[in-house]
Each structure stands twice: as structure tokens, then as C-alpha cells.
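Right, I'll just put the structure down here and ask away after.
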């Protein structure tokens, strides 16, 4: 079984509470997020979400991950599968690490595993581009609304 990790990060000049608020406001997310086009469901450990992703250059995909961790202003983590567990699994995570001066280091990543990971390099590359686009959009929105 193959495994691969994508991890990105960006420094955001906004408090953790603001970043968390944007990240978990599923209703408003499509207006600013170029990668995660929609999320619905209850944000609690063990719950299933409905998530629609649009990686650049790839067909949008919808899946139903299970929430693994909800730590307000610190961490959101879920695990999903493509078709059946073990084929192409992903544990997606967002970490909000407070830094000096009211800033946060926002970490956005995913641990991929399964039989098809080795064959889906283009999909993983597109996902990383999508992660970075989302990070930049989150930074811009959080900083714009913090200074307003």
C-alpha cells in the first residue's frame, strides 16, 4: 500500500478565532474558497460531512468524509475514501497555530494512502495547487476583515 503527504502552510495576520470562524462557516465558504466549493453537515467528531472539491484542472468531486477532530481555533480533521476504504483514502487536516502578534500559522494538508495513491500523482499535484489557492484566499479574507 502506498502513502503520500501534502502539507502547505501560510502565515495569516489575524487571530485564531477569526481564521476558525471563516474555516467553519460552511454557508459562506463558496463565496471565497476556490478549492472547497461546499461543505455541509454537523461539525462534530464522528459526524459525516458532504464535501465538494474543485482542484484546478480536475473534475470536481464530492465525497462524504467522517470528522475525526474538531478543536475550535486549533484543528479540524476528517477522513474520506474514494469508493471503498483502502483504495484511495485521505485524512485532510487544518491546523491553526497561534504565533506572536496575533498571527497564526495556518497548516493545510492531507495524508493519502491506499492502492491507487501511486497512480494518482497528477491528482495529488492538483490538490496541492488547490490547497495553496485556498490558503491564499483564506489569508486575504481573514486579514481584510480583521483590519476593517
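For the subset of the range 64-114 comprising residues that are farther than 28 Å from residue 18 by Cβ and part of a strand (DSSP E or B), which member is farthest from the chain's Cα centre (by Cα)? Quick ask: steps written out before the conclusion?
Narrowing the range 64-114 to residues farther than 28 Å from residue 18 by Cβ: 64, 81-89, 112-114.
Filter again for part of a strand (DSSP E or B), leaving 81, 89, 112-114.
Details: 81: 15, 89: 15, 112: 13, 113: 17, 114: 19 Å.
Filtering first and then ranking leaves 114.
Looking at residue 135, is it crowded, with 17+ Cβ neighbours inside 10 Å, at pLDDT 95 or above and under 16 Å from residue 8 (Cα atoms)? Show your work before the answer.
Numbers: crowded, with 17+ Cβ neighbours inside 10 Å: yes; at pLDDT 95 or above: yes; under 16 Å from residue 8 (Cα atoms): yes.
Criteria met by residue 135.
Every residue in the range 34-47 that is in contact with a strand residue (DSSP E or B) (Cβ under 9 Å, 6 or more places away or on another chain) and either in contact (Cβ under 8 Å) with a residue 24 or more places away in the chain or in a loop (DSSP other than H, G, I, E, B) (or both), please. Even if it seems obvious, please write down each step before you answer.
Restricting attention to the range 34-47, the residues satisfying the condition of being in contact with a strand residue (DSSP E or B) (Cβ under 9 Å, 6 or more places away or on another chain) are 35-47.
Across the range 34-47, the qualifying residues are 35, 36, 41, 42, 43, 44, 45, 46, 47.
Is the range 48-56 home to any residue that is farther than 22 Å from residue 143 by Cβ, at pLDDT 95 or above and either in a loop (DSSP other than H, G, I, E, B) or out of contact with any strand residue (DSSP E or B) (no Cβ under 6 Å at 6 or more places or on another chain) (or both)?
yes
Only one of (1) modelled with pLDDT of 95 or more; (2) surrounded by 15 or more Cβ atoms within 10 Å (Cβ to Cβ); (3) within 13 Å of the chain's Cα centre (by Cα); (4) more than 18 Å from residue 145 (Cβ to Cβ) is not met by residue 7, so which one is it?
(2)
Matching residues to (1) modelled with pLDDT of 90 or more; (2) crowded, with 16+ Cβ neighbours inside 10 Å; (3) farther than 13 Å from residue 7 by Cβ; (4) in contact with a strand residue (DSSP E or B) (Cβ under 7 Å, 6 or more places away or on another chain):
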{"site": "72", "(1), (2), (3), (4)": "yes, no, yes, no"}
{"site": "80", "(1), (2), (3), (4)": "no, yes, yes, yes"}
{"site": "86", "(1), (2), (3), (4)": "no, no, yes, yes"}
{"site": "89", "(1), (2), (3), (4)": "no, yes, yes, yes"}
{"site": "96", "(1), (2), (3), (4)": "yes, yes, yes, yes"}
{"site": "99", "(1), (2), (3), (4)": "yes, no, yes, yes"}
{"site": "115", "(1), (2), (3), (4)": "no, no, yes, no"}
{"site": "120", "(1), (2), (3), (4)": "no, yes, yes, no"}
{"site": "123", "(1), (2), (3), (4)": "no, yes, yes, no"}
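Something else about it: When the range 45-102 is examined, which residues are found to be on the phi < 0 side of the Ramachandran plot and in contact with a helix residue (DSSP H, G or I) (Cβ under 8 Å, 6 or more places away or on another chain)? Can you show your working first?
To start, the set of residues in the range 45-102 that are on the phi < 0 side of the Ramachandran plot comprises 45, 47-56, 58-72, 74-82, 84-85, 87-100.
53, 54, 55, 56, 58, 72, 74, 76, 88, 94, 96, 98, listed by residue number.
A further question follows. Which members of the range 12-33 meet the condition of being over 27 Å from residue 57 (Cβ atoms) and in contact with a strand residue (DSSP E or B) (Cβ under 8 Å, 6 or more places away or on another chain)?
Correct list: 14, 15, 16, 19, 20, 24.
Among the numbered criteria (1) over 22 Å from residue 114 (Cβ atoms); (2) over 14 Å from the mean Cα position of the chain (by Cα), which single criterion is violated by residue 60?
(1) is the only condition that residue 60 fails.
Quick one: would you say residue 127 is touching a strand residue (DSSP E or B) at 6+ places or on another chain (Cβ under 9 Å), surrounded by 14 or more Cβ atoms within 10 Å (Cβ to Cβ), modelled with pLDDT under 95 and part of a loop (DSSP other than H, G, I, E, B)? Step through it out loud before you land on a result.
Working: touching a strand residue (DSSP E or B) at 6+ places or on another chain (Cβ under 9 Å): yes; surrounded by 14 or more Cβ atoms within 10 Å (Cβ to Cβ): yes; modelled with pLDDT under 95: yes; part of a loop (DSSP other than H, G, I, E, B): no.
When the stated conditions are applied, residue 127 does not pass them.
The values are calculated or read from the model by the stated rules, or taken from the named source; none is laboratory data. Quantities reported herein were computed from a predicted structural model and do not represent experimental measurements. All Cβ positions, glycine included, derive from the backbone under ideal geometry; neighbour counts span all protein chains shown.
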